[in-house]
Amino acid sequence: MNAGSAQGTHSLFISDLHLSEELPDITAAFLEFLAGPACDATRLYILGDLFEFWIGDDTLGEGLNLEITRAVRGLVNRGVGVFLMHGNRDFLVSGAFSEATGVTLLEDPTLVDLHGTPTLLLHGDTLCTDDQAYQAFRVHVRNPAVQRQFLDLPVAARRTQVGQARSASEREKQLKPAQIMDVAPATVEAILRMQGYPRMIHGHTHRPARHEHRVDGRLCERWVLSDWHTGGDYLRVDAAGCTRHPIAPGTAVSGT
Ligand code: LP5
Ligand code: MN
């Protein structure tokens, strides 16, 4: 399955489900989504933070992880191409998960051709360049040596460290102005320019919207996916463009 071009019927985009044992309703909503709208799609793109956190593929066989692995494998077996990008919570998802589910892991960013429209896919955290404390944290935890050291720890010790990182992150977020936790427009525009002015789709900020950026006189659209904790929806992209659909059955909403 090739991530570079989708000329079939339609693709669906989701992100920021933050699946965890603590919130079974979100898991149920995802399983319903996989058995429902996702089955009719040509491709499903998951743009990061599918999981609340992922501490290593050696936890693949644990309760929720196993349930999700099997459900995603079921969708792949029906012939739907499933593509997964890392988020800032689940960047340790790797080869064993990909093999067990049949998903293709995507680099961040990845440029795809959707019905003739070049579209840049990102998780979204790399666009939040005003959040310098986060960007420093990101550089640290994306270091392969740091990751190897973490993965060598027993599972219980990894859980403890993630708990500490989560608490520190929640504390720090309270102190950050809301604006710096959103994307930096200048960064978005620099990337649009560098990539040839594509459409952009990302998640992470939990601020679902459709933005327009005029860059060098060209109009580019940027779709921000919603998280699934405060509502939740998916983006459907076909030859006619993008439409947003609530997770619960209902009416499609365009342009918001
Ligand atoms: O996730 P969200 O949306 O709540 O907040 C993010 C940024 N926070 C993070 C931190 C993660 O939530 C922590 C959990 C990661 C689990 C990964 C598992 C594997 C770890 C492997 C390690 C090799 O991403 C938050 C942003 C916010 O988005 C908006 O963009 O602001 O950034 C922060 O709050 C970061 C802080 O400013 C600085 C870092 C504090 C943590 C220090 C603890 C170090 C311990 C590391 C051990 C894992
Ligand atoms: Mn995120």
**OP:** Scan 225, 122 and give me the residue that is within 15 Å of ligand 2 (Cβ to nearest atom) and within 24 Å of residue 57 (Cα to Cα).
**Re:** 122
**OP:** Within the range 94-102, identify whether any single residue is more than 16 Å from ligand 2 (Cβ to nearest atom) and over 30 Å from residue 149 (Cα atoms), and answer yes or no.
**Re:** no
**OP:** Taking the residues in the range 96-115 that are in a loop (DSSP other than H, G, I, E, B) and without any contact (Cβ under 8 Å) to a residue 60 or more places away in the chain as candidates, determine which candidate is most open to solvent (accessible area, probe 1.4 Å).
**Re:** 107
Subject >> Residues within the range 43-75 that are at positive phi and crowded, with 22+ Cβ neighbours inside 10 Å, tallied >> reply: 2
Original post:
Under 7 Å by Cβ, and 6 or more places apart or on different chains, what pairs join a residue from the range 135-151 that is closer than 17 Å to residue 163 by Cα with one that is of a type in the set (Phe, Trp, Tyr) and open to solvent by less than 80 Å² (accessible area, probe 1.4 Å)?
Top reply: none
Original post:
Within the range 57-72, can one find any residue that is in contact with a Ser or Thr (Cβ under 9 Å, 6 or more places away or on another chain) and assigned to a loop (DSSP other than H, G, I, E, B)?
Top reply: yes
**OP:** Report, ordered by the first and then the second residue, all pairs with beta carbons closer than 6 Å, sequence separation of six or more or different chains, a first member in the range 185-210 that is open to solvent by less than 50 Å² (accessible area, probe 1.4 Å) and at pLDDT 95 or above, and a second member that is within 16 Å of ligand 1 (Cβ to nearest atom) and in a helix (DSSP H, G or I).
**Re:** 187/127; 188/127; 204/125
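The values are calculated or read from the model by the stated rules, or taken from the named source; none is laboratory data. Quick caveat, the model's predicted, so the values are computed rather than measured. No Cβ is skipped: glycine too gets one built from the backbone with ideal geometry, and neighbour counts run over all protein chains shown. When the accessible area is computed, the model is the full protein with side chains, heavy atoms only, and any ligands, DNA or RNA have been set aside. Shrake-Rupley method; radii C 1.70, N 1.55, O 1.52, S 1.80 Å.
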